[in-house]
Structures are given as C-alpha cells and as structure tokens.
Amino acid sequence: MRFDVLTLFPEMFGGYVGQSLLKLAIESGLVEVHLHDIRDWATNRHKKVDDRPFGGGPGMVLMVDPVVRAVEAVRPMHPDAGHLVMLTPQGRRLSQAIVEELAGHPRILLLCGRYEGFDERIRLILKPDEVSIGDYVLNGGEVAAMAVIETAIRLVPGVLGDEDSSANDSFSGDRRWLEGAQYTRPREYRGYEVPTILLNGNHEEIARWREENSRRRTLERRKDLLEDS
Ligand code: ADE
C-alpha cells in the first residue's frame, strides 16, 4: 500500500515513519510513505501558501493554487492515480469500517491542511474524500494523516505478525465490539490474579470466556456498539 502525504510540515513525519510497525512494514516493502511539501508548488516569490480570508476574520486560509498543483503533480508519480483524502474536521468521522474501506485502496493521497482551513475551491476542484478523526480541532491534518496510515497498515496482509490479530481488535470482526481483558505473566501481582480459566488450556472455554468478557465490556462502556451489532 502506498501513501503520498501532501503537507506543509513533512518533517513532522520523519520520526513517525522511522519507528515500530510502520518502519518494519516499509523495510519489508509492504508499505510506502512518500512525503511532499506543498510549498514546493508555491509560485510566488515568498513561497507563500496561505493568505487572509476574504471578508475578514481571524487566521489564514490555505491557497487554492499551490494545493491543486501539488495534487496534480503528485498523482502521476505512480500509475495508480490513488484515492485522495483530505483531512478536515468537517469530513466523515473515521471509524474502523471506514479504515477497512480506505485500506482497500492500493494508493492513498493524504492532503493535510494547516491554518484556519482550505480555500473552498480546493474541495470543489479536487473532490476529495473528506475525513475527520474526531469532533475536535487539531492544528493541522498531519496527526490525522498519521492516524489514517497507522490504522490502515494494520489491515495490509503481512504487516502484523499474526495474520488474524487485527480481526480480534476492538471495533473489528462481524460484531465490532470492544476487545476483552488481556493478561500476561506474572499470574499474580499485588493480589490481582489472572482468571484461572485462561490458564487451563481449554481453548473452547477460553474462547467463550473471551466472548462474554468482550460483550460485558462493550455493554458497560460502549452500549451503542452493541446496539449497532
Ligand atoms: N484537521 C484539523 N482537525 C482535524 C480533525 N479533527 N480531523 C482531521 N483533520 C483535522
């Protein structure tokens, strides 16, 4: 799976792409992350990419020309034109179901905004799939783009060590419940013991216990998920 990130702050991704699961996925050739600085497509002398809003008001607006030209230049860098995602608090809210849908695209272009927002004509011209990671406002789309990469690569076959470990994740599988409690050694810590059923080696009983634990947790914490399933 290939990601092309269009941002004014490509350095923000440096540490992120060099760590952990994503680093391994890149090294094994399963994932590619290409960073593009929108400022490279600014034509004016000062490489200006934002300007004051028409009509007045606070903040700066990302200009249409550098953004549109950046997307038009990045698209042909690979034969698959890719799926264009704009990160914005006004987009459809990211869920595991949407992550599954996005992970079905072999190539995703992630357009990150900064400042107070995008000139509306960016939306009208590029018709991106607008995605939000939640009902709060970030200072820009970069952290949201990382969330999309982070969640999508878990679904790329081979990225997780254990092939079906994402199927048991919270919000995943047929029911999309929360995952149940997990334990590892030691068996006892400060008086808290691991449930004995997890130690008896009976896989059917363990599966039943896990399902019930997952159902109970979902009921206690996220009743809305049970109602949906
Ligand atoms: N940019 C600013 N806030 C955002 C959010 N909640 N989701 C995606 N992109 C954003």
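The values are calculated or read from the model by the stated rules, or taken from the named source; none is laboratory data. All of these numbers come straight from a predicted model, not from anything done at the bench. Neighbour counts are summed over all protein chains in view; Cβ atoms, including those assigned to glycine, are modelled from backbone coordinates with ideal geometry. We work out accessible area using only protein heavy atoms, side chains counted, and drop any ligands, DNA or RNA first. Shrake-Rupley method; radii C 1.70, N 1.55, O 1.52, S 1.80 Å.
Mind listing which trypsin sites (Lys or Arg not before Pro) in the stretch 1-75 are in a DSSP loop and have 15 or fewer other Cβ atoms within 10 Å?
The qualifying sites are Arg45, Lys47, Lys48.
Angle check, please: helix 203-221 long axis (alpha carbons) against the longest principal axis of the chain (alpha carbons), in degrees 0 to 90, nearest 10.
Helix 203-221 sits roughly 50 degrees off the main axis of the chain.
Which whole-number percentage describes the relative contact order of the chain, with Cα contacts under 8 Å and a sequence gap of 6 or more?
Computed value for the chain: 19 percent relative contact order.
Rank Thr218, Thr196, Ile38 by how far each Cα sits towards the positive end of the charge dipole of the chain (+1 on Lys, Arg Cβ; -1 on Asp, Glu Cβ) and give me just the farthest.
Selected residue: Ile38.
Restricting attention to the stretch 122-207, which GluC sites (Glu not before Pro) occupy a DSSP loop and are surrounded by at most 11 other Cβ atoms within 10 Å?
Answer in residue order: Glu163.
Given R₀ = 25 Å, what would the calculated FRET efficiency be for His34 paired with Asp162, taking r from the Cβ atoms and rounding to 0.05?
After rounding, the FRET efficiency stands at 0.30.
Just the accessible area for Arg208, please: 1.4 Å probe, Å², rounded to the nearest 10?
150
Can you run phi through the Karplus equation (6.51, -1.76, 1.60; θ = phi - 60°) for the stretch 61-68 and list ³J(HN,Hα) in whole Hz, with x for Gly and Pro?
10, 5, 6, 5, 4, x, 5, 5
Express in nm, to one decimal, how much length is gained between Ala207 and Asp169 on full extension, taking 0.36 nm for each residue of separation and deducting their alpha carbon distance.
12.2 nm
With every protein chain present, what accessible area does Lys223 have (1.4 Å probe, heavy atoms only), rounded to the nearest 10 Å²?
110
Considering only the stretch 41-142, what is the antiparallel percent among its DSSP beta bridges, to the nearest 5?
That works out to approximately 15 percent antiparallel.
How large is the charge dipole for the stretch 123-229, taken about the Cα centre, if only the Cβ atoms of Lys, Arg (+1) and Asp, Glu (-1) carry charge, to the nearest 20 debye?
260
Before rounding to the nearest 500, sum -39500 (n - 2.57) across all DSSP H runs of length at least 4 in the chain and divide by the residue total; then give [θ] at 222 nm in deg cm²/dmol.
Helix-only estimate at 222 nm: -9500 deg cm²/dmol.
In nm, what is the difference between 0.36 nm times the number of residues separating Arg185 and Lys48 and their Cα-Cα distance?
43.7 nm
Considering only Gly82, Gly113, Gly14, give the residue with the highest GNM mean-square fluctuation for the chain, with springs between Cα atoms whenever their separation is below 10 Å.
Of Gly82, Gly113, Gly14, the Gaussian network model singles out Gly14 as fluctuating most.
Can you give me the C-alpha center-to-center distance between the stretch 119-149 and the stretch 31-89, rounded to a whole angstrom?
Centre-to-centre distance over Cα atoms comes out at 12 Å.
Just Asp119, Asp80, Asp174 to compare: in a GNM of the chain, with alpha carbon springs under 10 Å, which one fluctuates most?
Asp174
Would you please give the residues with an amide H less than 5 Å from that of Ser132, counting only those at least 5 places away or on a separate chain, with H modeled from the backbone geometry?
Thr88, Gly91, Arg92, Arg93, Leu94
Quick check for me: using +1 on Lys/Arg Cβ and -1 on Asp/Glu Cβ, what's the dipole size of the stretch 1-113 about its Cα centre, in debye to the nearest 20?
In debye, rounded to 20, the stretch 1-113 gives about 280.
GNM on the chain, C-alpha springs below 10 Å: top fluctuator among Ile133, Ile26, Ile197?
For the chain, modelled as a Gaussian network with Cα springs under 10 Å, the answer is Ile197.
In nanometres, what is the gap between the two model label sites at Glu11 and Arg93, each 7 Å from Cα along Cα-to-Cβ?
Going from the Glu11 label point to the Arg93 one covers 3.5 nm.
Please sort by residue number the chymotrypsin sites (Phe, Trp or Tyr not before Pro) in the stretch 39-141 whose DSSP state is loop and whose Cβ has at most 16 other Cβ atoms within 10 Å.
Of the chymotrypsin sites (Phe, Trp or Tyr not before Pro), the ones in loops of the stretch 39-141 whose Cβ has at most 16 other Cβ atoms within 10 Å are Phe54, Tyr136.
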